[in-house]
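Reviewing the structure listed below.
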Amino acid sequence: MPGGLAIAYHNLANMLEAGVPVQRSLNTLIPGLTGRLQKAFLALAEGVAQGNPLTHTMVQYPKVFDPVDVMLVEVGEGSGNLPDMIALLSKWHEMSDRMRKRLISGLIFPVLVLTIAAFVYYLPALVLGELSLKAYLFKAAGILMLFWVPAGIIFLIVRTTPKTGQARRVLDKIVLRIPVLGSAVHKLAIGRFCWAFHMLCKAGVPYSESVDMALSVTGNTVIADRFAPAAKSVKAGELMSAGLSKELPLDLVEMWKTGEETGRLDEVSKKLADNYSEQAEFWFAEFTRWFPRFVYFLICLMLIRMILTLAGSIRGGYPL
């Protein structure tokens, strides 16, 4: 099911398409929203009432509105194509929410099982009286730290690394090399670029500007670098496809070239966006399928060692 922002955008687009004024549309939405989302839309309505553009208020709520939201709403307001831009943003967030929920749902259960296993591992020693309760909890926490400390460090690195620059580029290269997950991120970044480019083309933004603006929402600087020369090709009077990196998938380059030659690039970019988004979902699904197996394998090793240790302890052969 789509998230709150995707639904809010969908309803807002429908009302704007029907001719309902922006402020009245926002006021109609607000009672059905909750928490941070309701506060943000209330601020939007107040801003419109004061004669401010939507983007003037949106930038004040970065935890609600992504840069792509601000960018496309600004384009929609400037071109008079706001309902279509809001509708496309609804689909964008629906796709993003679907992938995020798939990833989270695939990770929650194995992490929970691993946490339980950490406490089960030393339970026989506690029952046999070989460990005090304090020592048992300390050892269980030690197992959890082996998992949570690296995970926490990775999370902090990802969160604190600047969105641009060499450090981000190195991090993005590492992510792309992670088995399975790297493939998912690679496909997702391409899909995000194609989606953003399609939305900007729909708003009538020139191709060179669409490329430059779409680069900022790929989510991976390595993939963005592979699309970046396309803008220079357009400005030089050449086909955009001539500037696409050879490291991009061949089918994408060929379809892009065909879209330019036939004048149907906005349609082709939409097809590419759908295709690579579906591939990203597939690889995220594969990651959520294999990650639990890896965790369960570790748990099996823990259980085998626990059984051997318990057997030795019972025989008095060697200590736990």
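The values are calculated or read from the model by the stated rules, or taken from the named source; none is laboratory data. Given the structure is predicted, the values throughout are model-derived calculations rather than measurements. In this analysis, Cβ positions are derived from the backbone assuming ideal geometry, glycine residues included, and neighbour counts consider all displayed protein chains. Calculation scope for accessible area: heavy atoms of the full protein, side chains included, ligands and nucleic acids excluded. Shrake-Rupley method; radii C 1.70, N 1.55, O 1.52, S 1.80 Å.
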For this session: For the chain, give the magnitude of the charge dipole about the Cα centre (Cβ charges: +1 Lys/Arg, -1 Asp/Glu; no others), in debye to the nearest 20.
Result: 1420 debye
For this session: Tell me the trypsin sites (Lys or Arg not before Pro) within region 213-270 that lie in a loop according to DSSP and have at most 10 other beta-carbon atoms within 10 Å.
Result: Lys246
Exercise. What label, among (i) 21.0; (ii) 15.1; (iii) 18.7, belongs to mean projected area of the Cα convex hull in nm² computed from the structure on display?
Worked result: (i)
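So which DSSP H runs in the chain come out at 30 Å plus along the axis (Cα) with average Kyte-Doolittle of at least -1.0? Could you put the intermediate results ahead of the total?
Values: long enough: 82-121 (58 Å, 0.75); 133-160 (38 Å, 1.62); 181-202 (31 Å, 0.76); 265-315 (74 Å, 0.38).
Answer set is 82-121, 133-160, 181-202, 265-315.
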Problem set entry | Inter-label distance, nm, simple model (7 Å from Cα along the C-beta direction), Asn52/Asp225 | 3.8 nm
Problem set entry | List Trp92, Trp283, ordered by accessible area with a 1.4 Å probe, largest first | Trp283, Trp92
Problem set entry | Heavy-atom accessible area ranking, 1.4 Å probe, most first, across Glu209, Glu260 | Glu209, Glu260
Problem set entry | Cα-Cα over 25 Å, subset of Lys232/Lys257; Lys63/Lys91; Lys91/Lys235 | Lys91/Lys235
Exercise. For the chain, what is the accessible area per residue in Å² when the probe is 1.4 Å?
Worked result: 54 Å²
Seminar exercise, completed: Rounded to the nearest 0.05, FRET efficiency between Gln60 and Arg169 (Cβ-Cβ, R0 30 Å) equals 0.50
Problem set entry | Most to least accessible of Arg305, Arg177 (protein chains only, probe 1.4 Å) | Arg177, Arg305
Exercise. At what distance in angstrom do the alpha carbon centres of region 42-91 and region 229-297 lie from each other?
Worked result: 27 Å
Exercise. From the backbone phi of region 51-61, what are the Karplus-calculated ³J(HN,Hα) couplings (6.51 cos²θ - 1.76 cosθ + 1.60, θ = phi - 60°) in whole Hz, Gly and Pro given as x?
Worked result: x, 8, x, 4, 5, 4, 8, 4, 5, 7, 10
Seminar exercise, completed: Of 185-191, 289-295, 272-278, ordering from highest average Cβ density within 10 Å down gives 185-191, 272-278, 289-295
